[in-house]
Amino acid sequence: MRSASTAAPLLESHDLSFRFGARPILHALNLRVEAGSIYGFLGPNGAGKSTTMRLLLGLLRPTSGSVRLFGHELARHRVALLGRVGALIESPSLYDHLTGRENVEATRRLRGVPAHRTAEVLALVGLSADAHRPAREYSLGMRQRLGLALALLPNPDLLLLDEPTNGLDPTGIIEMRALLRSLCHEHGKTILVSSHLISEIEKTVTHVGVIQRGRLVFQGSLPDLQRLQTGRAQLVLETENADTCRNLLPGLLAGAKVAGPGILQLPWLSREHAAELAAGLVSAGQPIYGLRQEQPTLEDTFLHLTARMNE
Amino acid sequence: MEYTLPVAPGPLTQLGRTLVADALKLRRTAALWLALGGGALPVLLNLLIFYFKGHLLVKPGQNPWPQYVGMSWQTASVLLLPMFVVLLSGLVVNLENRGGWRHLLAQPVGRGAVFGSKLLLLLVLNAVAQTLYVLLLLGAGVLLGWLKPDLGFQSHSISLLPVLRMLGHTYVATLGILGVQYGLALAFRGFVGPLAVGIAGIVSALTLLRWEHIDLVPYAAPTRILRLLEGDTQLSVTATLSPAEWYSLGWFALAVLVGYLLLLLRRPVTD
């Protein structure tokens, strides 16, 4: 079983730290990406995602700590390990004077990949028809897809994708999600994908790591992240006059906030509490237009996680 | 679960693959056109000079080849050739300066292969350009023989050996500039920086030509070896390397070493 927790992770970092001159960027990151997972690496812009990606590829040298890919030290076996890794770092680095096909060919020859892969990856990302055009004529979305083709070229076991949905239109984003899922589930790839928007990847990922100001503030499976939210459910009451209700039932509506005209929001305590509140409102002669439990979205949780560090 | 360590390709395989990829990247680039067409300018200029004013330059019955080769070589070596090497090295390295380094260094090839491949490419392009120049030069001479039979190009031998020796000397003399400019291009990671230093170097070299230690300046080497072209009636060129060429080789070795260290210990790849 690929996702067995006893298996060595395909990618892990130990106390990975990095500083630019005197400015610390990353603080003791301990990433753990299991084989066969799609790991969403989340964080606001400037949190250190791209720097981490560069460290994971050996483009930067860590100030301290280490990276292990496939159980081996990256610093010692960089060339050997990178043979099994495909990467797309930020905006893809394309040679604008070359056609799409020539761009793929240049990387294919560099990696010693069989010739038939060029047409395969171009078809996989839907660029076969435009492969003869110079890359300078490509739209942002096409550039992104060509970058993905370069990453997929060696049929890698591990894919590192930095903001791969950048510049894609909604259809492109949906296609990218489907592609990532198919790469993982049907082709057994392990994928680390970074984003600053959880909504873009929550339908795709199996695991999540949240980075804020160079620190990992959450790491776990998607259900783990969802469990974090359970304590943060809200009870939403729609009535005629929010203030009147608050004055009439100060005990039951302690901690309630006015969220809109006639709308009160308070922390969800229990079903009994909700029933008691309904009964109290009816006996006080207040109308109940609506009474419901609201779960925070993953986005709220993500914002909550990243905001906590800001305070 | 244990993962077996993948096998890394050998250093020569890495170098070969990088070189093939680098050669592909040259398609439709200014660097390639410069290397293929750069030699045409001095040849064309001298063709025009000899076509229109040849009767003033060549005495009747005299072998025109030594003067023709000498004049053309002078046009080429003093300014155009150093400028060509400066531009070529800048353009070849500049192909990677728009995010290419990031992509290249994340591939399973060592930095030695990345460094060596571009250096080899530069050496080959430089050799191709200078060889093409010589072929054009000789071809234009033959053409002059047909167009202006009075000048006598067709009735005297070209004497190929001295020309080939001169080609060898000139190539060695450009290696110092090539090495230094390659190292600068790697250090600057831009096109303008090394170009500015290169122009400053060429201008300084031309200004300091009468300095007793001018052989130390790599940018002066192609000019300094012009004195090896001898003979009014029959061209002759010695095979022995001149001091300027030895210094050029020294600069090349030093610059290659420093350039490699620069790429190895390179500033963080952040572009």
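Since every read-out is calculated from the coordinates, none of them should be taken as a lab result. Please read these numbers as outputs of a predicted model, since none were measured by experiment. Please note: Cβ atoms are built from the backbone with ideal geometry, for glycine as well, and neighbour counts cover all protein chains shown.
Highest GNM mean-square fluctuation among A:Leu81, A:Leu59, A:Leu253, for chain A modelled with Cα contacts below 10 Å: A:Leu253.
Over chain A, with a Gaussian network built from C-alpha contacts below 10 Å, which listed residue (A:Gln295, A:Gln212, A:Gln265) shows the highest mean-square fluctuation? Answer for the Gaussian network model of chain A: A:Gln265. Share of pairwise Cα-Cα distances greater than 23 Å in segment B:153-271 is 42 percent (whole percent). Relative to one another, the C-alpha centroids of segment A:24-60 and segment B:43-90 are positioned 60 Å apart.
The 3J(HN,Hα) values that the Karplus relation (6.51, -1.76, 1.60; θ = phi - 60°) gives for segment A:89-100 are, in residue order, 9, 6, 5, x, 8, 10, 8, 5, 7, 9, 6, x Hz. Gly and Pro appear as x. Within chain B, the whole DSSP H helices whose Cα atoms reach 30 Å or more along their own axis and whose mean Kyte-Doolittle score is at least 0.5 are B:111-147, B:160-188, B:243-264. Electrostatic tally near B:Gly179: other residues with Cβ closer than 15 Å to its Cβ, Lys and Arg +1, Asp and Glu -1, net 0.
Along the axis of the charge dipole computed for chain B (Cβ charges of +1 for Lys and Arg, -1 for Asp and Glu, origin at the Cα centre), the listed residues B:Gly201, B:Leu48, B:Ala8 are led at the positive end by B:Ala8. Maximal additional length on extending the A:Ala278-A:Ala307 stretch stands at 7.1 nm, based on 0.36 nm per residue less the C-alpha distance. With a cut-off of at most 10 other beta carbons within 10 Å, and DSSP calling the residue loop, which GluC sites (Glu not before Pro) in segment A:134-242 qualify? Please list them. Answer by residue number: A:Glu186.
From least to most packed, judged by other beta carbons within 10 angstrom and beginning with the fewest, A:Met142, B:Met83 follow the order B:Met83, A:Met142. How many angstrom lie between the Cα centre of segment B:179-212 and the Cα centre of segment A:182-230? Between the Cα centres of segment B:179-212 and segment A:182-230 lies a distance of 51 Å.
Just how large is the dipole of chain B about the Cα centre, in debye to the nearest 20, putting +1 at every Lys and Arg Cβ and -1 at every Asp and Glu Cβ?
Numbers: 18 positive and 10 negative charges, 111 e Å.
Magnitude of the dipole: close to 540 debye.
From helices alone, the protein assembly as shown scores -15500 deg cm²/dmol at 222 nm; the rule is -39500 (n - 2.57) for each run of n ≥ 4 DSSP H residues, then divide by the residue total. Computed on segment A:11-219, with alpha-carbon pairs under 8 angstrom and 6+ residues apart, the relative contact order is 31 percent.
In a shell of Cβ-Cβ distance under 13 Å around A:Gly100, excluding A:Gly100 itself, what net charge do Lys and Arg (+1) and Asp and Glu (-1) give?
Once all neighbours under 13 Å are counted, the net charge is +1.
Report the charge-dipole magnitude of the protein assembly as shown in Debye, nearest 20, computed about the Cα centre from +1 at each Lys and Arg Cβ and -1 at each Asp and Glu Cβ. The dipole of the protein assembly as shown has a size of about 1160 debye. Positive-end ranking of A:Pro154, A:Leu197, A:Gly126 along the dipole of chain A, with charges on Cβ about the Cα centre, is headed by A:Pro154. Given their separation in residues at 0.36 nm each and the Cα-Cα distance between them, A:Ile288 and A:Arg271 gain 4.5 nm when the chain is fully extended.
Taking every DSSP beta bridge that has both ends in chain A, the antiparallel portion is near 65%. Could you tell me how many degrees, from 0 to 90 and to the nearest 10, lie between the Cα long axis of helix A:298-310 and the main elongation axis, the longest principal axis, of the Cα atoms of chain A? So the inclination is approximately 90 degrees. Picking from B:Leu208, B:Leu136, B:Leu19, which is most flexible by a Gaussian network model of chain B using Cα springs under 10 Å? Answer for the Gaussian network model of chain B: B:Leu208.
Per-residue shielding of A:67-76, expressed as the average number of other chain Cβ atoms within 10 Å of the residue Cβ, stands at 2.
Dividing the Cα radius of gyration of segment B:80-231 by its Kirkwood radius returns 1.08 for Rg/Rh. Determine the shape class of segment A:234-294: with a ≥ b ≥ c the square roots of the Cα gyration tensor eigenvalues, call it rounded for a/c under 1.5, and otherwise prolate if a/b is greater than b/c, oblate otherwise. Verdict is rounded for segment A:234-294. Take every Cα pair under 8 Å whose residues are at least 6 apart in sequence, average their separation, divide by the length of segment B:192-242, and the relative contact order is 21 percent. Less than 14 Å Cβ to Cβ from B:Trp246, Lys/Arg counted +1 and Asp/Glu -1: what total charge do the surrounding residues give? Around B:Trp246, the surrounding residues sum to -1. Relative contact order, whole percent, for chain B stands at 28, derived from Cα pairs under 8 Å and 6 or more residues apart. Charge dipole of segment A:11-219 (Cα centre as origin; +1 on each Lys and Arg Cβ, -1 on each Asp and Glu Cβ, all else neutral): 580 debye, rounded to the nearest 20. Across chain B, the longest piece that holds none of the GluC sites (Glu not before Pro) lying in DSSP loops with up to 13 other C-beta atoms within 10 Å covers B:3-211.
When A:Lys189, B:Lys53 are sorted by how many other C-beta atoms sit within 10 angstrom of their C-beta, beginning with the fewest, the order is B:Lys53, A:Lys189.
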